[in-house]
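Shown next, in structure tokens, is the structure this report addresses.
All of the numbers you see were taken from the coordinates with simple rules; none came from a lab. Note that this is a predicted model, so its numbers are computed, not measured. Methodologically, a virtual Cβ is constructed for each residue, glycine included, from the backbone with ideal geometry; neighbour enumeration extends over all protein chains shown.
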Amino acid sequence: MLRHLTEQHQTIGRQVITLEADALNQLASMINGQFAAAVTAILDCDQRVVVSGMGKSGHIARKVAATLAATGTPAHFVHAAEAAHGDAGMVMPGDLLLIFSNSGDTPELQPLYAHAARLGVAIIGVSRNRDSLLLRKADIALQLPQVAEACTASMAPTTSSTMMLALGDALAVAAMRGRGLSGDDIRALHPGGEIGRRMRAVADVMHGADRLPLVPESASMASVVQVMTAKRLGMTGVVDAAGDLVGVISDGDLRRHIGDVVTATARAVMTPSPKLIEQTASVEDALEMMRAHRITLLFVVPAAGSRAPVGAVQIYDIAASPPWGQ
């Protein structure tokens, strides 16, 4: 019995996800000039994008407002029901209203329509109902495809809220790219959390010059082991007479040359052409490079073209474990 129920649950889960994925594909095929007009209106907005909705649409609206703000578009959420009790004052001349409603006929939204009309505030409406009051009031109407909800009775907002969420993301990302935001801009908007951590500059997390494990090309293996042990980064860099990095020696290199460790020099044992990263690169860039080359340490240089290391960043400084797994 338990096995039967487990299989049944898994089947239902796949059906729901497949239904919602099909709905998203239909939504993508409906992206047209109205969507482009909505993005242009967001970019041209003099003040803020005010996002609103009721019920599950309201929850989606709150998230979309947060996504817009996080991607460079000033935005905030206004609860539709509270708008009739004073919060309509949060919509000001020069703002732009973005309203989500599955039916498009939610009565709590009507005070917002009237307030927007008095102020001359344009409305972007999102609904599945082409003939709804919302889309008739909207200056820009974004219609969702007519797809059944994923629940048994096809009533609880599931597929519709997924489409709203995806459409909100599409608007936010299109506007972000329209503004030409750079990695530094996004970093400034995400000073904390996982995004902020991964968008930090390598210079902010690297080990400085005093922790650099470096030896000359002529160094004996005894010196290499001594430096590697003292600096505790699991690797030693080999530099030439000019101070440029020409190779690295890892624990693995030492094991592979155990037979001639007494007579070998650093140059004979090193792996040449080590991977370097600029100090202005992001932590995310460092992770990508480590993932691509399956390495755990990068030497840091001040700028492109330089090979004189100023620091080192280790995988455990920026991630809990190697990005390719153990």
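Over its Cα atoms, what ratio of radius of gyration to 2.2 N^0.38 Å does the stretch 202-318 give? List each step's numbers first, then the result.
Values: Rg = 13.5 Å, N = 117, 2.2 N^0.38 = 13.4 Å.
Against the empirical 2.2 N^0.38 Å value, I get 1.01 for the stretch 202-318.
Mind checking which of MET90, VAL147, GLN314 is farthest towards the positive end of the chain's charge dipole, using Cβ charges of +1 (Lys, Arg) and -1 (Asp, Glu) about the Cα centre?
GLN314
Could you give the angle, 0 to 90 degrees to the nearest 10, between helix 221-231's Cα long axis and the longest principal axis of the Cα atoms of the chain?
Result, in degrees: 40.
Taking the chain as the reference, fit the longest principal axis to its C-alpha atoms, fit the long axis of helix 55-70 to the helix C-alpha atoms, and give the angle between the two in degrees, 0 to 90, nearest 10.
The angle comes out near 40 degrees.
Note down the relative contact order for the stretch 2-181 as a percent, whole number, built from C-alpha pairs under 8 angstrom at least six residues apart. Show your work: numbers first, answer last.
Numbers: 304 pairs, mean separation 44.2, N = 180.
The normalised contact order for the stretch 2-181 reaches 25 percent.
Taking 0.36 nm per residue of separation and subtracting the Cα-Cα distance, what length does fully extending ARG232 through LEU119 add?
On the way: separation 113, 0.36 × 113 = 40.68 nm, distance 6.47 nm.
Separation in residues times 0.36 nm, less the Cα-Cα distance, equals 34.2 nm.
Using a cut-off of under 16 Å, list every residue of the stretch 236-259 whose amide N is near the label point 7 Å from the Cα of SER273 along the Cα-to-beta-carbon line.
Within reach of a label on SER273: 245-248.
Roughly how many nanometres apart are two label points built 7 Å out from the Cα toward the Cβ at SER220 and LEU5?
It works out to 7.2 nm between the two label points.
Among THR73, THR18, THR152, which one moves the most in a GNM of the chain with springs linking Cα atoms closer than 10 Å?
Maximum fluctuation in the GNM of the chain, among the listed residues, is at THR152.
Test of understanding: in a Gaussian network model of the chain with alpha carbons linked when under 10 Å, which of ALA170, ALA75, ALA292 would top the mean-square fluctuation ranking?
Greatest mean-square fluctuation among the candidates belongs to ALA292.
Can you give me the long-range amide H partners of LEU276? Hydrogens built in the peptide plane at 1.01 Å from N, cutoff under 5 Å, separation of 5 or more residues or another chain.
Here nothing satisfies the definition.
At a Cα cut-off below 29 Å, give the lysines reachable from LYS275, other chains included and same-chain residues fewer than 8 away excluded.
LYS231
Work out the charge dipole of the chain with +1 on the Cβ of Lys and Arg and -1 on the Cβ of Asp and Glu about the Cα centre, then indicate which of GLY168, ALA23, LEU134 is farthest towards its positive end.
ALA23
Taking the Cα centre of the chain as origin and charging only Cβ (+1 Lys, Arg; -1 Asp, Glu), how large is the dipole, in debye to the nearest 20? Walk me through the numbers before you get to the answer.
On the way: 27 positive and 30 negative charges, 80 e Å.
Taking the Cα centre of the chain as origin, the dipole is about 380 debye.
If the elastic network links every pair of Cα atoms under 10 Å, which of SER218, SER127, SER161 fluctuates the most in the Gaussian network model of the chain?
It is SER218.
What FRET efficiency do you get for SER29 and ASP131 if R0 is 22 Å and r is their Cβ-Cβ distance, rounded to the nearest 0.05? The partial results should precede the final answer.
Details: r = 21 Å, r/R0 = 0.97.
For SER29 and ASP131, the calculated efficiency is 0.55.
Treating the angle as unsigned and between 0 and 90°, give the value, to the nearest 10°, between the Cα long axis of helix 2-29 and the longest Cα principal axis of the chain.
Its long axis makes an angle of about 80 degrees.
Taking the stretch 2-181 as the region of interest, what is the percent of Cα-Cα pairs per 5 angstrom bin, listed from the shortest bin to the one with the maximum distance?
Taking every Cα pair in the stretch 2-181, the percentages come to 1, 9, 17, 21, 19, 13, 8, 5, 3, 2, 1, 0, 0.
Please list the three semi-axes, largest first and in whole Å, of the ellipsoid equivalent to the chain, using sqrt of 5 times the eigenvalues of its alpha carbon gyration tensor.
Working: eigenvalues 632, 127, 42 Å².
With the √(5λ) rule applied to the chain, the semi-axes are 56, 25, 15 Å.
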